[in-house]
Every structure is written in structure tokens, then in C-alpha cells.
1. I need the peptides 64-73, 92-101, 45-54 ranked by packing, meaning the mean over residues of other C-beta atoms within 10 angstrom, with the highest value on top.
2. Dividing the convex hull volume of the Cα atoms of region 16-84 by its residue count, what figure in Å³ per residue is obtained?
3. Quick one: go through region 61-91 and flag any residue whose amide nitrogen is under 14 Å from the point 7 Å out along the Cα-to-Cβ line of Asn117.
4. What does the charge count around Phe71 come to, taking other residues whose C-beta lies under 11 Å from its C-beta (Lys +1, Arg +1, Asp -1, Glu -1)?
5. Rounded to the nearest 0.05, what FRET efficiency do Lys52 and Lys131 give with R0 = 22 Å and r taken as the Cβ-Cβ distance? Could you check?
6. In cubic angstrom, how much convex hull volume per residue do the alpha carbon atoms of the chain span?
7. I'd like to verify something in the chain: which complete DSSP H helices, judged by Cα projection on the helix axis, reach 20 Å or more and average at least -1.0 on the Kyte-Doolittle scale?
8. From the cross-link list Lys66/Lys124; Lys14/Lys76; Lys65/Lys124; Lys65/Lys122, which pairs have alpha carbons spaced over 25 Å apart?
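The values are calculated or read from the model by the stated rules, or taken from the named source; none is laboratory data. What you are looking at is a predicted structure, and each value in this text was computed from that prediction instead of being measured. FYI the Cβ positions are ideal-geometry reconstructions off the backbone, even for glycines, and counts take in every protein chain you see. All accessible areas refer to the heavy atoms of the entire protein, side chains included, with ligands and DNA or RNA removed. Shrake-Rupley method; radii C 1.70, N 1.55, O 1.52, S 1.80 Å.
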Amino acid sequence: MPLDGSKSSLRGAKFAACIANQSNSSIIGLNIISSTRFVKPSSALRNQTRLKSKEIIKQAETITKKNNVSFRGMIKVSNNIGKTIVSFAEDNAIDMIAIGSRGPDLEHELFLGSVANYVVIKSKIPVTIIK
């Protein structure tokens with residue numbers, strides 16, 4: 001479950017938690033920090049970015065706990081968020097990707113959402129898009 005803090009991402013967490021509860025599955029929540037934000041930033045900015053990522057993971061964990069679902073949150077840094085999601089899912093034998101349709105900002109809200117679109121096209125694993 002990719003997590004970016006957007007409204008559709010958190011709705012995705014609720015959807016994934018319901019599905020996981022019904023199928024006795026667990027969830028891995030993956031927040032990916034764009035490495036472009038890490039190009040020579042101050043250590044204060046890096047810390048602020050990591051704290052924001054931890055907060056996003058915590059929000060999803062709260063949602064999954066309400067549904068009695070096992071949850072593990074992870075944070076990664078990448079220059080290609082969509083590719084990282086697809087690779088992570090394939091490398092970790094993930095059964096389904098539940099992804100929000102739009103990102104947290106205008107840059108990621110164009111059309112379907114550039115990351116969601118990439119994941120749908122490139123993933124060999126079933127993808128559910130949450131609006």
C-alpha cells in the first residue's frame with residue numbers, strides 16, 4: 001500500500017484494511033521520499049521530511065489497527081517512485097497494490113496521477129486504484 005499522505009492514499013488504507021481483514025492478510029505501507037527532495041538539503045529539511053513520512057505511516061497504522069489488521073510501515077528514498085513501488089511489490093511477493101488515484105500536490109494530481117498511472121501500466125501484480 002503506497003502512502004503519500006493524500007486523501008486518496010488514506011482512503012486506500014481504509015480499503016486495504018477492510019480487504020486484509022476479510023482475507024486474514026497483512027499490509028505493508030510504503031512511503032517513498034522523492035530523492036530530488038534530498039539533493040543537498042539541510043539536515044533540518046531532511047529531518048522534517050522523515051518526520052512527515054513517519055506521521056503518514058502512523059496514520060495508516062491507526063487505520064489498520066481499527067480493522068485488526070497486521071501492519072508494517074516502511075520508508076524508502078527513490079528518484080522514481082512508481083518504479084520503486086512496482087519493484088518492491090514484485091520483490092516481496094505482494095498479492096495486491098492498493099494505491100490512491102491522486103498525489104498530495106498538484107505536481108502529482110495531473111490526469112490519473114503520474115505514480116498511479118505508472119504502477120497500473122508496469123505492475124504484473126493486481127492494482128486497485130482508490131479515489
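1. On the way: 64-73: 16.1, 92-101: 18.2, 45-54: 13.8.
Ranked from most to least packed, the peptides come out as 92-101, 64-73, 45-54.
2. Details: hull volume 4.9 nm³, N = 69.
It is 71 Å³ per residue.
3. 82
4. Values: positive: Lys58, Lys65, Lys66, Arg72; negative: Glu61.
That sum, taken over residues with Cβ under 11 Å, equals +3.
5. Details: r = 23 Å, r/R0 = 1.06.
Efficiency at R0 = 22 Å is approximately 0.40.
6. On the way: hull volume 12.4 nm³, N = 131.
Roughly 94 Å³ of hull volume per residue.
7. Details: long enough: 7-23 (24 Å, -0.08); 43-66 (35 Å, -1.04).
Qualifying helices: 7-23.
8. Values: Lys66/Lys124 30 Å; Lys14/Lys76 22 Å; Lys65/Lys124 29 Å; Lys65/Lys122 31 Å.
Beyond 25 Å: Lys66/Lys124; Lys65/Lys124; Lys65/Lys122.
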